[in-house]
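The values are calculated or read from the model by the stated rules, or taken from the named source; none is laboratory data. Since the model is a prediction, treat every value here as computed from it, not as a measurement. Ideal geometry is used to build each Cβ from the backbone, glycine not excepted, and the neighbour counts take in all protein chains shown.
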Amino acid sequence: MAKARRHIGTVREVKMDLASYSYLINGVAGVGKTTTVTEIGQKEYGVDGFLLLTVGQEPEPDHIGNVWNERATDWDDLEEIIETICEFKDEDYPKLRMVGIDSVDEVFRLAEKKVVELHNKKATNLADKATTVKSCFGGFQAGENKVLDLVSTTLFKLRDYGISPFFIGHTKSKNKKDQMLDIEFEQITSNLDNKYYNCIKDKVNIVMCAYIEREMTDLETMKDAFSKKQKQVGKISNERRVVSFRDEEYAIDVKSHLKYIVPKCELDSDVIIKELKEAIKKQSESFHGKESNKEIAEKIEVQAEAQTHRKVGKKVEVVDETAIKEDKLNKIKSNLAKLDMAKLQKIMVDNSLKDFNDVNTISMKVLDEILELI
C-alpha cells in the first residue's frame, strides 16, 4: 500500500493578477475584438508579455503594429507552438503572461481535421475512411469527443505555466432551451456548436460579448414587403461599442466568476482593465479584507512567482513562493561582498527592513531590487 500523504490541499486566496484568469470574448466581425485583446495584454505585460496566436484561416493582424504574433496553419503546428511555449517558458519566454487565441472557430476546425486524419490512419480499408468528424471512431459523437479532448488538453495547458489564454470568437443569434421550464428563448451566443462552445465556456473564468449598442429615434411600425409581418423601423441617433460581462435578462450568453463585475462597459482596453481590476479587488476584499495599493502590488508579484510551474517527468510541480524567496535570499547573502552597501541601505530603509532574518517579512519585489545590485 502506498504511503499516505500527510498534508492534503492548501488554503487558497483570491488571485489579484489579470493573467491568473482565463477569458473568452465573443463578438461580431470587425467590432474590435483582436485589437482590444492585444491592447489589454500589452498594456499589462508589455510587447514580450503578450503573444497573439493567429489560427488557421483567421486573418493575420496586419492592422496592428508592434505586436508579437505567430501563426498556426494546422493542428500539428498549433500543438507544437503550445508545447514549445510551455517547455521553454523559463529560458525563452520568461515574460510571457497572456496568449490571445484568434479564433476559437478555427481552433475547432483544425481539431476536427486532425481527428479525421487520426481516424483514417487507423482505418484498415477504404470503406472505413471518414470525411467528417461525425463518422470518426465509430460515430455516436466519439469523433466530437476526441476534438474536445484535443482542444482542452492542448490549449488549457498554458495555465499550468502561468500563462493566461484569452480566446477570441464570433457570435450569432440562437434559439436556446431552458431545460427546467422547457421554454425556448433567443440569445446572442457563440457561433460554435454548443458542445464545442461549452468546452471553452465551462473552463474559462470570464466570457464577455462585444457588440454595437445603438439608440434609435423616429420609430414607426410598418409591414415588411416580403414577410408581410409588422416590423419597427427607425433612424440611428447614436451608437457605441460595448462589452457585456453579465446579463440578467439572458439575452446575451456571458459568464463571470467575479461577483462584482459591472454588467457592461465601453469596448476599450483601458476601461476593461479598470473594471476587471476593480472587480478582482472587491472579490478579494470580500474574503480577505481591505488592502493598500502597495499590499496589492506585492501580492500580485508573489502570486505571479508562485504560479510559475515546471515540468518534472509527467508530473507538474508547483513552485512554492516561500522556496523562491529563500533561494533569492540565499543568493543575496552569498554575494554580499558584491553589493553597493549605500544602495542596499537605502532599499532597506525605504522598505522598513532591519535585517534578513525572516524571509516572510521581505517582499519578492524587494528581493529582486537587491538582486539587481549584484
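Could you grab me the full set of residues in region 259-276 that are touching a strand residue (DSSP E or B) at 6+ places or on another chain (Cβ under 7 Å) and either β-branched (V, I, T) or assigned to a loop (DSSP other than H, G, I, E, B) (or both)? The answer is P263, L267, V271, I272. The condition of being in the same structural domain as L158 (by TED's automatic domain parsing) and in contact with a strand residue (DSSP E or B) (Cβ under 6 Å, 6 or more places away or on another chain) holds for only one of E112, E70, that being E70.
Is it the case that region 58-66 has a residue that's in contact with a strand residue (DSSP E or B) (Cβ under 8 Å, 6 or more places away or on another chain) and under 26 Å from K274 (Cβ atoms)? Within region 58-66, one or more residues are in contact with a strand residue (DSSP E or B) (Cβ under 8 Å, 6 or more places away or on another chain) and under 26 Å from K274 (Cβ atoms). Considering only residues that are modelled with pLDDT under 75 and either hydrophobic (A, V, I, L, M, F, W, C) or in contact with a strand residue (DSSP E or B) (Cβ under 7 Å, 6 or more places away or on another chain) (or both), which ones fall in region 230-255? Within region 230-255, Q230, K231, Q232, V233, G234, K235, I236, S237, N238, Y250 meet the criteria. For region 46-54, the count of residues that are surrounded by 13 or more Cβ atoms within 10 Å (Cβ to Cβ), within 20 Å of A304 (Cβ to Cβ) and of a type in the set (D, E) is nonzero. Among the residues of region 340-362, the one identified as among the aliphatic types (A, V, I, L, M), modelled with pLDDT under 80 and more than 29 Å from G162 (Cα to Cα) is L353.
Report yes if V99 is assigned to a helix (DSSP H, G or I) and either assigned by TED's automatic domain parsing to the domain that holds N26 or out of contact with any Lys or Arg (no Cβ under 9 Å at 6 or more places or on another chain) (or both), otherwise no. I'd like the intermediate steps shown before the answer.
Working: assigned to a helix (DSSP H, G or I): no; either assigned by TED's automatic domain parsing to the domain that holds N26 or out of contact with any Lys or Arg (no Cβ under 9 Å at 6 or more places or on another chain) (or both): yes.
Here the answer is no, as V99 does not meet what is asked.
Comparison of T84, T38 shows that the only residue that is more than 28 Å from F287 (Cα to Cα) and within 15 Å of the chain's Cα centre (by Cα) is T38.
From the set of residues in region 158-171 that are buried (at least 18 other Cβ atoms within 10 Å of the Cβ), in a strand (DSSP E or B) and of a type outside the set (A, V, I, L, M, F, W, C), which is farthest from the chain's Cα centre (by Cα)? Taking the candidates together, the pick is T171. If you check every pair at least six apart or on different chains, which have Cβ atoms under 6 Å apart with a residue in region 226-248 that is under 19 Å from V31 (Cα atoms) and polar (S, T, N, Q) first and a residue that is modelled with pLDDT of 85 or more and part of a strand (DSSP E or B) second? Here the result reads S244/C209; S244/I252; S244/K264, each pair linking region 226-248 to a residue that is modelled with pLDDT of 85 or more and part of a strand (DSSP E or B).
Can you tell me how many residues within region 163-186 are of a type outside the set (V, I, T) and either under 18 Å from S152 (Cα atoms) or modelled with pLDDT of 80 or more (or both)?
At the first step, the residues of region 163-186 found to be of a type outside the set (V, I, T) are 164-167, 169-170, 172-182, 184-186.
Now narrow it down to the ones that are either under 18 Å from S152 (Cα atoms) or modelled with pLDDT of 80 or more (or both): 164-167, 169-170, 172.
So the answer is 7.
Count of region 102-115 residues, restricted to those that are assigned to a helix (DSSP H, G or I), more than 14 Å from T154 (Cβ to Cβ) and in contact (Cβ under 8 Å) with a residue 60 or more places away in the chain, is 1.
Could you list, in sequence order, the residues of region 328-352 that are part of a loop (DSSP other than H, G, I, E, B) and more than 23 Å from A304 (Cα to Cα)? Of everything in region 328-352, those that are part of a loop (DSSP other than H, G, I, E, B) and more than 23 Å from A304 (Cα to Cα) turn out to be N335, L339, D340, S352.
Please find, among L155, L118, the residue that is of a type outside the set (G, A, S), part of a helix (DSSP H, G or I), touching a strand residue (DSSP E or B) at 6+ places or on another chain (Cβ under 9 Å) and surrounded by 15 or more Cβ atoms within 10 Å (Cβ to Cβ). Reasoning before the result, please.
Working: L118 fails: touching a strand residue (DSSP E or B) at 6+ places or on another chain (Cβ under 9 Å).
Matching residue, one of L155, L118: L155.
Mind listing whichever residues of region 10-40 are in a helix (DSSP H, G or I) and in contact with a Leu (Cβ under 8 Å, 6 or more places away or on another chain)? Passing the criteria: L18, T34, T36, V37, T38, I40.
Within region 131-148, can one find any residue that is closer than 30 Å to I40 by Cα, within 17 Å of the chain's Cα centre (by Cα) and either not β-branched (V, I, T) or not assigned by TED's automatic domain parsing to the domain that holds M208 (or both)?
In the first step, residues of region 131-148 are kept if they are closer than 30 Å to I40 by Cα; the result is 147-148.
Subsequent filtering for residues that are within 17 Å of the chain's Cα centre (by Cα) retains none.
No, region 131-148 contains no residue that is closer than 30 Å to I40 by Cα, within 17 Å of the chain's Cα centre (by Cα) and either not β-branched (V, I, T) or not assigned by TED's automatic domain parsing to the domain that holds M208 (or both).
When E301, E291 are checked against the criterion of being surrounded by 13 or more Cβ atoms within 10 Å (Cβ to Cβ), modelled with pLDDT of 75 or more and assigned to a helix (DSSP H, G or I), a single residue qualifies: E301.
Among the candidates I64, I81, I85, single out the residue that is under 29 Å from I300 (Cβ atoms), crowded, with 20+ Cβ neighbours inside 10 Å and of a type in the set (A, V, I, L, M, F, W, C). Break it down stepwise before answering.
Working: I64 fails: crowded, with 20+ Cβ neighbours inside 10 Å; I81 fails: crowded, with 20+ Cβ neighbours inside 10 Å.
On inspection, the qualifying residue turns out to be I85.
Restricting attention to region 48-77, and to residues there that are part of a helix (DSSP H, G or I) and more than 17 Å from the chain's Cα centre (by Cα), which single residue is farthest from V115 (Cα to Cα)? The selected residue is D77.
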